[in-house]
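Only one structure is covered here, and it is reproduced in the block below.
The values are calculated or read from the model by the stated rules, or taken from the named source; none is laboratory data. Note that the coordinates shown come from a computational prediction; the quantities given were computed from them, not determined experimentally. Here the Cβ positions follow ideal geometry from the backbone for every residue, glycine too, while neighbour counts run over all protein chains shown. Heads up: the accessible areas ignore ligands, DNA and RNA and are worked out on the full protein's heavy atoms, side chains in. Shrake-Rupley method; radii C 1.70, N 1.55, O 1.52, S 1.80 Å.
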Amino acid sequence: MGSYPPPDIFIPEEWSQAANSIVSSSTPPVVLVCGPGSVGKSTFARYLLNLLLTTRCKKVAYLDTDVGQTEFTPLGLISLTVVYDITPDLKTKYLKPSKRSLFFGDISPKIDPSVFLEYVCSIYDHYQKKYRTFDKRKNASKIQTPLIVNTSGWVKGVGYEVLVDMLKYIGPTHVVKIDLSTEFYKYKNLPAGKFWLDGEDDGTIKLIEIDSALKDREIVQKEARLLREERIVAYFEQCFPSDSGISTHKETAHSLTSHCPYQVPIASIKIRHVHREVPSSEIFYGLNASIVGLAVESEVPGDLPWCLGLGIVRGIDTVKGMLYVITPVPFVSLKKVNLLLQGDIQFPTDLLQVQGRLSPYISENVLNIT
């Protein structure tokens with residue numbers, strides 16, 4: 001499979017030892033990576049993912065719970081992605097189709113911790129169902145595909161309680177806890193040891209504690225805000241052919257305003273806000289020029305709606321009873337959508353400011369979804 005990492009990527013010795021100890025474990029690992037914000041959790045998770053693919057596995061499952069810094073999907077989704085190929089550049093985000101996604105609709109779990117935890121558990125249940133088998137002789141499930149769980153940096157107060165509940169529900173084989181080593185920031189770290197345990201340690205979970213490889217935390221935090229906007233832009237640029245030559249946000253904005261939207265009959269679809277009750281008389285006020293989750297509502301009572309991707313509501317014609325939506329979701333998948341989910345994902349302002357045009361409203365050039 002080739003050597004990893006390549007010579008031009010520096011990995012601290014402590015990180016290398018931690019990742020190699022996981023890769024060499026006797027059974028396919030389930031690894032949860034945790035720690036405060038901007039310590040390199042996503043970078044370590046990507047490094048471990050690549051190492052597993054190059055030395056041990058043909059595929060690795062990745063459960064992304066960091067809704068503000070997603071790895072393979074657009075923002076605001078809690079997702080399970082199965083990865084088959086390494087991603088050599090540890091800094092560049094790669095969009096990949098997920099096996100299952102739920103639309104949380106925000107960049108932080110703080111807005112609704114209980115819903116966030118419910119979604120994480122639901123996605124993990126899907127992994128259990130699809131990528132683990134049950135051993136009747138041992139009366140236990142058997143891991144078939146390794147799993148990496150990336151978490152957010154919200155680890156204080158309610159965030160700490162949510163993380164503890166995640167750890168108890170998932171029951172990983174390994175927990176990698178990354179700490180800030182700079183004295184000024186150490187108060188942000190998680191408690192030492194197996195902080196999630198209520199009683200005695202039965203030894204089934206291996207804890208690995210390492211220091212962050214990042215030194216300038218403030219620069220990383222500033223970059224995070226820019227990366228979120230880039231993530232949204234990159235996602236909607238998938239609406240256009242790869243050889244379209246779009247290279248700036250301005251070009252993307254112009255292309256989106258002239259892009260052919262899908263025409264969706266309002267009567268054929270439900271509209272719901274994820275985190276608040278919106279009166280039916282006001283539901284369209286905040287919908288236009290917003291980012292929505294394109295979801296499939298289950299026929300099974302209690303099942304959560306599966307999100308197929310994101311869309312931009314480009315315009316609303318209440319007289320004709322039509323919504324106009326722009327999305328890179330393939331048409332064959334889009335026909336399954338019967339629910340639009342509203343959240344609080346902010347639309348990059350660069351994409352709304354197009355000189356010579358007003359807000360991207362209704363176009364006569366449309367595609368029907370019926």
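Worth a mention:
- Test result for Leu32, among the aliphatic types (A, V, I, L, M), part of a helix (DSSP H, G or I), assigned by the TED database to the domain that holds Thr151 and open to solvent by less than 30 Å² (accessible area, probe 1.4 Å): no
- Condition broken by Tyr160, with the remaining ones in (1) assigned to a loop (DSSP other than H, G, I, E, B); (2) more than 30 Å from Phe10 (Cα to Cα) satisfied: (1)
- Residues that are under 23 Å from Ser258 (Cα atoms) and assigned to a strand (DSSP E or B), drawn from region 325-349: Val325, Ile326, Leu340
- Any hit, region 286-299, residues being surrounded by 13 or more Cβ atoms within 10 Å (Cβ to Cβ), modelled with pLDDT of 85 or more, under 22 Å from the mean Cα position of the chain (by Cα) and among the acidic types (Asp, Glu): yes
- Residue match in region 87-98 (condition: of a type in the set (Asp, Glu), over 22 Å from Leu180 (Cβ atoms) and free of Cβ contacts under 8 Å to residues at least 60 places away in the same chain): yes
- As for region 70-87, it holds no residue that is small (Gly, Ala, Ser), buried (at least 18 other Cβ atoms within 10 Å of the Cβ), farther than 22 Å from Glu229 by Cβ and touching a Phe, Trp or Tyr at 6+ places or on another chain (Cβ under 6 Å).
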